[in-house]
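None of the figures in this text is laboratory data; all of them are computed from the coordinates on show. What you see is a predicted model, and the numbers here were worked out from it, not measured in a lab. Positions of Cβ are backbone-derived with ideal geometry, glycine not excepted, and every protein chain shown enters the neighbour counts.
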Amino acid sequence: MNSFATLKNGNSEQKNVCELVQSLRILDDFSRYRPVVCGTYPIDIYTDESDIDIIMFVDDFQLFSKKLYSHYHHLKKFNLKEKIIRNNQVVKAQFEFQGYMFELFGQNVPVYEQYAYLHMKIENHILKSYPSIKNNIRLLKKAGIKTEPAFCRMLGIAGDPYEELINYGRDQGII
């Protein structure tokens, strides 16, 4: 799934997100990290609270953190965190730009193997297979339920929604 092309050719909101990403030069300035736009915007289930997620493959976290800081520390609500998720070191920068929240996420996992990308790929497949659930997913999200739990609720999947959605994708041959 080429999520950036989807944004570029999408509806007016998706095109706007594409222009914001381009105006920040994220894909160019961070090209060595193989950035991929993920999340709700490429698959058209965003809400007013959605952020623009960009995942990256990082092998030098110190350099990556410095670069994130130097490029975006001046923007509103800038926040830079390091943490461990599923035994992997993660660096995450958040900031606001032109009324949109951005989240730039780096870990030492190839982007097409990161959960954010895999979840988006699985969710996109589900939406294409069951287009009638799109509105219900949006309603659940507007009610404060995160994306993966919303999909699991619609599919009747119990357990940890982040893990179980991956299991569903494997079982269905999506990933």
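A compact table of results
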item	result
Residue match in segment 119-141 (condition: of a type outside the set (Ser, Thr, Tyr), outside any helix (DSSP H, G or I) and touching a residue at least 40 places away in the same chain (Cβ under 8 Å))	no
Residue in segment 50-68 that is under 14 Å from Phe105 (Cα atoms), among the aromatic types (Phe, Trp, Tyr) and over 17 Å from the mean Cα position of the chain (by Cα) present	yes
First in segment 98-114 and farther than 15 Å from Asn87 by Cα, second anywhere and loosely packed, with under 13 Cβ neighbours inside 10 Å and among the small types (Gly, Ala, Ser), Cβ under 9 Å, 6 or more apart	Gln98/Ser23
Scope segment 90-103; condition more than 17 Å from the chain's Cα centre (by Cα) and of a type in the set (S, T, N, Q); matching residues	Gln98
Within segment 1-22, tally of residues that are in contact (Cβ under 8 Å) with a residue 60 or more places away in the chain, surrounded by fewer than 20 Cβ atoms within 10 Å (Cβ to Cβ) and farther than 14 Å from Asn124 by Cα	1
Residues of segment 21-44 that turn out to be within 19 Å of Tyr100 (Cα to Cα), in contact with a helix residue (DSSP H, G or I) (Cβ under 8 Å, 6 or more places away or on another chain) and in a loop (DSSP other than H, G, I, E, B), as a count	7
The listed residue being more than 20 Å from Ile26 (Cα to Cα), in contact with a Leu (Cβ under 9 Å, 6 or more places away or on another chain) and not in a helix (DSSP H, G or I), out of Ile174, Ile55, Ile166	Ile174
Residue within segment 3-20 that is in a helix (DSSP H, G or I) and over 28 Å from Lys134 (Cβ atoms) present	no
Identity of the residue in segment 124-142, surrounded by 17 or more Cβ atoms within 10 Å (Cβ to Cβ) and out of contact with any helix residue (DSSP H, G or I) (no Cβ under 6 Å at 6 or more places or on another chain), that ends up nearest to Asp48 (Cα to Cα)	Asn124
